[in-house]
Amino acid sequence: MITENPIFKNKQSIIIYLAFWMVFGTLHVSLLLNYTPLSVGKAVMDSVVYNGLFAILGLGIWFPVIHTTNHKSDFVSLLIHHISAALIIQFIWLAIGLGITILIYGEPEYYRDYLVEPMPWRLGMGTLYYFVIAMIYHMAINNSKLQERSMAEVKLKKLVKETELNMLKWQLNPHFLFNSLNSISSLTITHPEKAHEMIILLSDFLRYSLAHNKDEKTSLKSEIENIKSYLEIEQVRFGDKLICNFEYNSDIENMLIPNLILQPLYENAIKYGVQDSIEATAINTTIDKEENSLVITITNSCNDTVYVKKGSGVGLRNIEERLALIYGNRAHFSRLKQDDNFIVKLKIPQ
């Protein structure tokens, strides 16, 4: 969102603004010569004074425009705001213009009459000037928003592509595949039925990951089912050392969240809370609906030494940036280290 006057954006904008006033100034002189008894010199001076003043005051119209943009209001309030601003600016414009012209020419009878009688005409011109400039400012703001949105979409697409590549690398991570296949190999001897179940889980997990990388959002139910498949695969490795708890109501299962947004959080929970722990570690997930948002809280034990040694925070920053790109400031992502627990909370608008 732009905060400075777009006229000062570059030299080209300044030149266009000056050209705008040159055109109106020329029309102003033409009208005076055709409909008033003023001489060419006085008509030109009148145009320079009044148009020059409004060119300066027009720069200040940016402030009421940006105010109404930042503080969203209904059409009536918007109209009242602009009418009030237009009246104030025109009062200042006419008062200063009158003072300058009287200062230059004194108060000859015909010129004073000329200033008083065509006042409605001047007010009409001032109103036209105000709303034309205000419209230009609004167009500049809308254009800036479109550019920002376009840049955000490009950035989001790039981030999604990077996420897809990173996810693909993770899916083909030799350590993950080795650990999973090694566990399956052991189970084929001791528990063949469980080995078969493990193969299905691994297949479903990889298939889900590949199928959903291209989609922006998916249902909470689908995402949680995928997370549970991942945790069940890891549970074969860690056994009773990994405890997973999910708490949520079934009526929120159809709510949408960005696909694979939760995956890095459970990876971190395994990496920092389970992998190097010698005791049973619980990963607790609670999901609630608060007003128009879905709130997901994931809590796990965290070893400070392991976190400092291994943690880079890239996955968490990726999640935070992705939420910001999709939802703007309506989404919220927080993480908190509390005693021996690491708590992550996501607030996703619906």
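Some notes on this structure:
- If you check G99, G106 for being of a type in the set (G, A, S) and at pLDDT below 80, only one passes: G106.
- The residues listed here are L146, L202; of these, the one that is surrounded by fewer than 11 Cβ atoms within 10 Å (Cβ to Cβ) and at pLDDT 80 or above is L146.
- Evaluated against (1) exposed (fewer than 14 other Cβ atoms within 10 Å of the Cβ); (2) in a helix (DSSP H, G or I), E234 falls short on exactly one condition, (1).
Matching residues to (1) in contact (Cβ under 8 Å) with a residue 24 or more places away in the chain; (2) of a type outside the set (V, I, T):
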site: P6; (1), (2): yes, yes
site: N34; (1), (2): no, yes
site: V48; (1), (2): no, no
site: A55; (1), (2): yes, yes
site: F75; (1), (2): no, yes
site: H82; (1), (2): yes, yes
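- So N34, is it surrounded by fewer than 12 Cβ atoms within 10 Å (Cβ to Cβ) and under 19 Å from M135 (Cα atoms): no
- Breaking point among (1) at pLDDT 85 or above; (2) over 30 Å from K145 (Cα atoms); (3) surrounded by fewer than 14 Cβ atoms within 10 Å (Cβ to Cβ), for V48: (3)
- The condition (being of a type outside the set (A, V, I, L, M) and more than 27 Å from E321 (Cα to Cα)) is satisfied by just one residue among S183, S219, S229: S183.
One line per residue, one yes/no per condition, for (1) at pLDDT below 80; (2) outside the structural domain of N341 (by TED's automatic domain parsing); (3) part of a helix (DSSP H, G or I):
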| site | (1), (2), (3) |
| --- | --- |
| I243 | no, no, no |
| D251 | no, no, yes |
| N254 | no, no, no |
| I257 | no, no, no |
| E267 | no, no, yes |
| S277 | yes, no, no |
| T297 | no, no, no |
| N300 | no, no, no |
| Y307 | yes, no, yes |
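The values are calculated or read from the model by the stated rules, or taken from the named source; none is laboratory data. The structure presented is a predicted model; accordingly, all values stated were derived computationally and were not measured. Cβ atoms come from the backbone with ideal geometry, glycine included; neighbour counts cover every protein chain shown.
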